[in-house]
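The structure appears below as structure tokens.
The values are calculated or read from the model by the stated rules, or taken from the named source; none is laboratory data. Quick caveat: nothing in here was measured; it's all calculated off a predicted structure. Because the Cβ atoms are built from the backbone with ideal geometry, glycine has one as well, and the counts that use them run over all protein chains shown. Heads up: the accessible areas ignore ligands, DNA and RNA and are worked out on the full protein's heavy atoms, side chains in. Shrake-Rupley method; radii C 1.70, N 1.55, O 1.52, S 1.80 Å.
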Amino acid sequence: MSNSDAKNIRIMLLLERETQIFFDLPYFEGLVLAGAWNDADWYLKGFTKLDENWWSQKIFFELYKTMFFEALVRSDTAKAVEILRKYLRLFEPIDKEIFTELCRLLSLEHEELKNLGDTNSMRQGLCRELTELIKANPVLKDKLEMPKMGPSSPRTMIDQNFPSPEPLAQMEPHAIGLNATYSPTEVSSTLPTQRSQRPRHSLDVLPRTVIMTLIQGSLVSTMDFNPAHPTVLLVGTSTGEISVWDLTVRERIHHRNYVIGNASEAFQMAPASDPTIAANRVRWDPNGIIFGVAFSKNIVHLYNYNDHHELTNKSEIEAHVGGVNDIAFSRPHGLLYVITCGDDKIIKVWDAESKSLVRTFEGHSAPVCSVLPHSREDFHFIFSSSMDGRMKAWSYNNVHNSAIDCPMQGNSFCNMAYNADETRLFACGIREDGLAYLEQWDDQNGNKVCSYVGFNNQCNGVPQFDVANIGILAAGEEYKIKFWDTDYVNLWTTIDAEGGLPALPCIRFNKSGSLLAVSTNDSRFKILANDDAQQLLNIGNQPNVVPGPSSEPKSKNGESPISRYAHNSVPEELNDGSRKRRKPMEVQKRCQYYSLRLPDRAAKVERMVYTFSGNGILSLNSDGIHKLWKWQKTEANKSGQATATFPPLLWTPSSGMMMNNELGNANVGAAHCFALSKNDGYLVSSSGGNTSIVNMINFKRVEKIKHSLPAVTFLACYLQDNNILAIGMQDSTIQIVNIRFDEVRVWGIDGWKKQCSRSLKIPSGQLSSPGVEIKIQFCHNQVHLLAVAKTQLAIYDVATLELLKQWQPENGQITDGTYSCDRQMIYASLMDGVYTFTSDLDVRRRIRPQVYQNPQIPKVYTLVIAAHPSKPTQFALGLSDGNVQVLERPESEKQRETLPPTESASLNLEMPVDSQLAAHSIHNRRLNP
């Protein structure tokens with residue numbers, strides 16, 4: 001083969017891998033048979049990730065296991081140990097037993113390893129098994145044939161030189177753990193996705209209108225919006241004061257002066273020589289229940305913040321020698337850490353609960369001014385930037401050497417931020433010529449991706465910038481706020497926020513990007529909003545400039561007694577209706593929401609959920625029949641996710657089989673319930689009769705769990721192991737069923753120790769019915785739970801079952817309710833429409849029935865409501881006329897539509913119960929899910 005042919009094949013493989021439209025199975029099989037493990041691993045990772053689904057995990061495991069066996073057979077112990085540490089260790093959290101057995105093989109003699117088989121037979125067996133897995137893998141099975149394309153002619157010819165790097169150079173699984181130094185080579189001056197100069201958004205999505213100006217009392221130096229309460233703003237000042245503002249009522253609900261607590265004598269003496277103490281950074285943790293303050297003198301303060309809007313458990317850490325320049329929160333392996341950096345050139349990691357020092361990273365030669373934690377799969381690391389213009393990345397597993405060490409432009413630190421799904425790293429700093437820069441970087445190899453255009457004058461400091469969830473960058477510079485679309489390098493627009501801004505204002509978006517806070521040069525700050533936020537905040541007759549509570553009475557320790565709710569009490573206005581209700585914004589026109597009626601009208605919908613993957617909707621109807629609608633990947637819907645703008649298909653297997661529940665004599669008043677496994681592989685369902693376990697691909701019943709009385713009332717799948725089910729019974733017992741081992745355990749409440757109990761508060765004039773269904777749902781941090789009943793919505797504290805918030809309809813009954821996927825909104829259906837609430841049960845919108853009902857069928861109402869698993873602004877309604885309707889807010893009004901990273905990034909093997917791929921020997925063994 002000539003060099004030219006080899007290069008063309010290489011380009012073809014890169015195109016296949018980058019476009020992900022065609023998986024060349026014969027080529028992949030050839031790599032396996034030839035033992036080209038690195039190339040096979042590189043090619044496979046272009047199409048699927050190790051933790052994408054069970055089939056992908058099985059493919060990678062068998063590939064790495066065979067590599068390990070071959071190294072053992074040829075007595076290459078060093079290579080076997082490398083494979084074990086580098087690849088197979090990823091599966092230890094999933095099945096520790098099999099990992100231990102693999103480790104044990106290292107101690108066997110060469111003669112004992114011969115029973116593993118010869119190299120050719122191992123590769124042929126592996127090739128057959130991988131082929132079956134690839135053909136069954138939902139991510140790969142539709143990519144095994146080259147797409148057919150009709151006749152066409154090219155409209156544009158693009159001259160593009162494709163790089164031809166070595167596979168391992170870019171696809172190393174532990175790249176972030178390597179000790180390497182990179183130069184800031186610029187890959188491209190523009191973003192690869194840039195096709196025109198028009199941003200993807202309308203200017204209406206930008207928060208450009210000043211809706212209020214609040215008086216802080218001293219110069220604002222740092223701000224941060226609460227991620228769980230989008231109208232709660234945390235503010236730090238140049239005098240060390242911190243304040244918490246509730247923008248919905250335009251009040252400062254908490255105020256703290258800088259006070260040294262139990263610091264050592266040396267630390268207490270430091271402020272005496274230089275009394276100017278500023279809050280360098282304030283930050284919320286990802287759940288919005290803890291915030292930290294980094295001060296310019298040695299100290300970090302941590303506060304707990306609860307849904308009563310109270311500050312508790314203030315704690316103090318003597319963090320650094322000199323100023324503490326930045327603070328951030330991270331949650332590797334489920335533990336909440338506080339990350340700090342300071343003038344002493346050190347980065348420290350603290351346990352947020354015990355306040356003990358966990359790790360120390362040293363290696364910068366100048367003060368460290370910014371830190372940014374990040375996670376990719378199960379690898380957790382920290383980016384840092386120092387005053388000498390160096391950016392480093394540190395792995396939690398290697399405290400001695402940085403994984404990435406690259407120079408930035410100029411000799412100054414840079415501020416850093418990721419976009420919402422943590423796929424793009426942005427940095428803002430000062431070049432050697434004094435001009436500011438805003439850049440996007442590749443965090444895997446330290447290369448610059450692009451530079452954003454729009455900084456023209458020299459700066460006296462590093463501009464503050466932020467990135468909104470909808471893909472918008474904003475930076476404060478030249479007495480203005482500048483905006484960019486993240487996909488386009490050219491400056492989009494600028495605003496002066498009605499004047500009064502400093503040269504380098506402090507700015508901060510709320511999580512959805514609908515609000516923007518910006519500091520002024522007269523000890524105030526302004527709140528800017530887009531149209532949607534103005535409606536939600538009911539902007540109208542309130543004064544624009546609101547004074548801060550400078551006349552508030554202060555206690556001796558400088559704390560303000562202001563609190564929105566009394567301690568350990570239920571807010572009266574939520575119980576007796578004495579407080580005037582917030583009037584919801586009325587949605588009456590179809591143009592205000594995308595609305596899609598799904599094909600094939602069903603019987604009365606009893607239960608309905610989205611699939612975990614977000615590409616389908618499953619319903620259970622009163623006749624015991626299930627219906628599954630699935631969206632396909634198309635040119636118009638490239639994500640393949642459920643959407644209200646393109647219709648799905650009613651999914652049926654080629655056999656025409658339907659998923660039916662046994663009704664028997666339990667049809668009248670049957671308790672319809674079902675649960676999906678986390679990988680969408682199988683369904684557990686019951687409609688008053690026996691419980692069926694159904695394969696979601698071919699709709700075949702693979703297991704039947706027989707029941708006599710009492711009847712089944714609820715079903716749930718254990719998310720950590722798809723083979724374990726929980727079955728709730730009418731007599732309050734719970735059956736735990738392990739399908740793999742045919743085990744059944746019964747829990748009964750008779751033997752339980754009662755921790756606490758509460759009865760729902762029934763409104764006066766209404767009687768409680770013993771048969772009324774109450775639905776409960778945890779919030780994301782499992783601190784609170786939402787209770788949905790016909791008479792009310794209520795939020796309780798999980799530990800004490802204390803009633804925190806309650807909402808009761810003035811007329812009619814609640815038919816269903818649920819959290820949005822990000823737990824920041826609550827959707828509830830009533831006879832007169834669908835209501836949306838904040839997570840605090842503040843009503844925001846009422847969507848009138850005419851938006852989603854068929855005008856030819858009057859008096860239709862919603863029976864069931866389901867929230868999309870990754871799009872907070874999309875939900876589905878099961879209507880009383882048998883139709884299923886999908887509603888979604890338009891692009892100009894959408895909030896962020898992806899889930900935050902889970903608290904635990906550990907791998908989970910999700911095993912379909914009907915899989916025939918299991919084996920019983922170490923050579924061909926299934927990993928326990």
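Rg/Rh for the range 416-503: what does it come to with C-alpha atoms and Rh from Kirkwood? Write out the running numbers ahead of the final one.
Numbers: Rg = 12.8 Å, Rh = 13.4 Å.
Rg/Rh: 0.96.
In this model, which of K314/K805; K58/K704; K583/K604; K627/K871 are farther than 29 Å apart at the alpha-carbon? Walk me through the intermediate numbers first.
Numbers: K314/K805 25 Å; K58/K704 27 Å; K583/K604 32 Å; K627/K871 22 Å.
The answer is K583/K604.
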Next item on the list: Between K633 and A36, with labels modelled 7 Å along Cα→Cβ, what's the label distance in nm to one decimal, could you check?
Entry: 2.4 nm
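Which sequence of R845, R390 reflects their accessible areas, 1.4 Å probe, from the largest down? List each step's numbers first, then the result.
Working: R845 10, R390 65 Å².
The ordering from most to least exposed comes out as R390, R845.
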Note to self: So for the range 672-748, averaging the separation of alpha carbon pairs under 8 Å that are six or more residues apart and normalising by length, what relative contact order in percent results?
What the structure shows: 20 percent
Next item on the list: In nm, give the distance between the simple-model label positions of S107 and S757, each being 7 Å from the Cα along the Cα-to-Cβ direction.
Entry: 5.4 nm
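Quick one: if the Förster radius is 45 Å, what FRET efficiency do Y418 and N698 give, using the C-beta to C-beta distance and rounding to 0.05? Show your work: numbers first, answer last.
Details: r = 41 Å, r/R0 = 0.91.
In this case the efficiency is close to 0.65.
About its Cα centre, how strong a charge dipole does the range 672-748 have in debye, to the nearest 20, once Lys and Arg get +1 and Asp and Glu get -1 at the Cβ?
On the way: 7 positive and 6 negative charges, 36 e Å.
Using only the charged Cβ atoms, the result is roughly 180 debye.
Taking R0 as 45 Å, what's the FRET efficiency between S356 and N460 from their Cβ-Cβ distance, rounded to 0.05? Show your work: numbers first, answer last.
Details: r = 39 Å, r/R0 = 0.87.
Computed FRET efficiency for S356 and N460 comes out at 0.70.
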Next item on the list: Multiply the residue gap between E810 and I776 by 0.36 nm, knock off their C-alpha separation, and tell me the result in nm, one decimal place.
Entry: 10.1 nm
Margin query: Using 0.36 nm times the number of residues separating L15 and N447, minus their current alpha carbon distance, what extension gain do you get?
Written below: 153.4 nm
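According to the Cα gyration tensor, what semi-axes, each the square root of 5 times an eigenvalue, does the equivalent ellipsoid of the range 363-519 have, listed from largest to smallest in whole Å? Let's see the in-between values first.
Details: eigenvalues 138, 66, 35 Å².
Semi-axis lengths for the range 363-519 are 26, 18, 13 Å.
With the cut-off at 30 Å, tell me which of the pairs K511/K790; K49/K700; K79/K143 have Cα atoms farther apart than that.
Details: K511/K790 32 Å; K49/K700 28 Å; K79/K143 33 Å.
From the list (K511/K790; K49/K700; K79/K143), the Cα-Cα distance tops 30 Å for K511/K790; K79/K143.
How large is the Kirkwood hydrodynamic radius of the range 3-142, counting all unique pairs of alpha carbons, in Å? All intermediate terms of the calculation are to be shown ahead of the outcome.
Working: mean 1/r = 0.0623 Å⁻¹.
After inverting the pairwise mean of 1/r, the radius is 16.1 Å.
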Checklist line | Viscosity 1.306 mPa s, temperature 10 °C, Stokes-Einstein D of the range 672-748 from Kirkwood C-alpha radius, µm²/s | finding: 128 µm²/s
